[in-house]
Amino acid sequence: MTQHNNNRFHPDEWQLRVDLAACYRLVALYGWSDLVFTHISAKLPASVSGEEHQFLINPYGLMFDEITASSLVKIDMHCNKLDEDNPHPVNPAGFVIHSAVHEARPDAACVLHTHTRAGVAVSAQKHGVLPISQQSTFVLASLAYHDYEGVAIRDDEKTRLQADLGEANYLMLRNHGLLTVGKSIQDAFLQMYTFENTCRIQVDALSGLTSPTDLTPVNPQILSGVSHAMKVQTGGLGGSFVWPSLLRKLNRENPGYDV
């Protein structure tokens with residue numbers, strides 16, 4: 001990857017901006033975006049923000065495949081813009097869910113939320129995620145659910161969402177979509193890749209069936225060893241294992257995010 005220097009930002013902030021812009025474009029590339037709606041938020045490291053909680057989020061109105069590192073907007077926990085020289089607006093209502101997660105989970109370096117067709121479809125199914133694929137076992141090892149309360153614009157919903165999420169890294173928002181909590185942008189993306197494929201497989205498997213009981217479930221004993229298997233298979237999620245290959249793919253198909 002050719003990373004362009006930008007003297008406006010601390011080097012740590014610039015690296016985060018580059019990775020987050022890449023994540024937005026990868027979400028678009030894989031077909032998970034919803035026009036200009038939904039968001040991916042990333043928490044700035046202490047080397048940049050000090051003791052304050054600061055985040056990067058998408059400039060509202062840009063398609064995900066248009067986002068660049070320098071166009072990302074820096075905000076505080078209440079979605080107030082901190083870089084006033086950035087001409088792009090933000091969507092405070094869109095940060096309600098993200099701020100709730102970041103507030104409750106200090107380990108949440110990145111929160112990724114989608115409204116995909118398969119994700120919403122499974123979120124509307126009473127049984128939720130079924131243990132019918134290898135992908136589903138990874139999700140079920142750390143999955144929580146939050147019931148739909150209408151468009152998420154009210155601050156009073158935060159406490160209920162936080163209680164439902166707990167320490168889970170995968171959250172299914174009923175009748176709404178999917179959310180992943182990552183210790184890095186890389187982790188959040190790979191978790192969403194797994195979550196989305198889990199839902200697509202389930203929708204396909206249920207197609208034409210009259211009941212989920214017609215499916216072959218994974219042996220419950222297998223779930224107990226999933227955490228160890230994930231570390232062996234993926235190098236502990238994202239990190240140096242998958243992300244560089246994703247960036248190479250992005251540089252071939254939609255370069256220019258790192259400006």
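Only the Cβ atoms of Lys and Arg (+1) and of Asp and Glu (-1) were treated as charged; on that basis the dipole of the chain about its Cα centre amounts to roughly 640 debye. Straightening the chain between E157 and N7 buys 50.0 nm, computed as 0.36 nm per residue apart minus the Cα-Cα spacing. Please identify which residues in region 74-94 have an amide N closer than 15 Å to a label point set 7 Å out from the Cα of E103, following the Cα→Cβ vector. Backbone N within reach: 76-80, 92-94.
Packing here is the average count of other Cβ atoms within 10 Å per residue, and on that basis the peptides 10-18, 196-204, highest first, run 196-204, 10-18. Out of every Cα-Cα pair that region 56-127 contains, those further apart than 15 angstrom amount to 62 percent. Other residues within the sphere of radius under 15 Å centred on the Cβ of Y257, judged by their own Cβ, net out at 0 (K and R +1, D and E -1). Past the 23 angstrom mark, what percentage of all C-alpha to C-alpha distances in the chain do you count? Counting pairs separated by more than 23 Å, the tail of P(r) holds 50 percent. Entry note, region 140-212: relative contact order of 25 percent, from Cα contacts under 8 Å with a spacing of 6+ residues.
Note on the chain: dipole from Cβ charges, positive end direction compared against H78, T216, A21; the farthest Cα belongs to T216.
Its convex hull of Cα atoms gives region 14-147 a direction-averaged projected area, equal to a quarter of the hull surface, of 8.9 nm².
A short reminder: the numbers here are calculations on the coordinates, not readings from a lab. All values derive from a computational prediction rather than experimental measurement. When we count neighbours, we look across all protein chains shown, and the Cβ atoms used for this are built from the backbone with ideal geometry, even at glycine.
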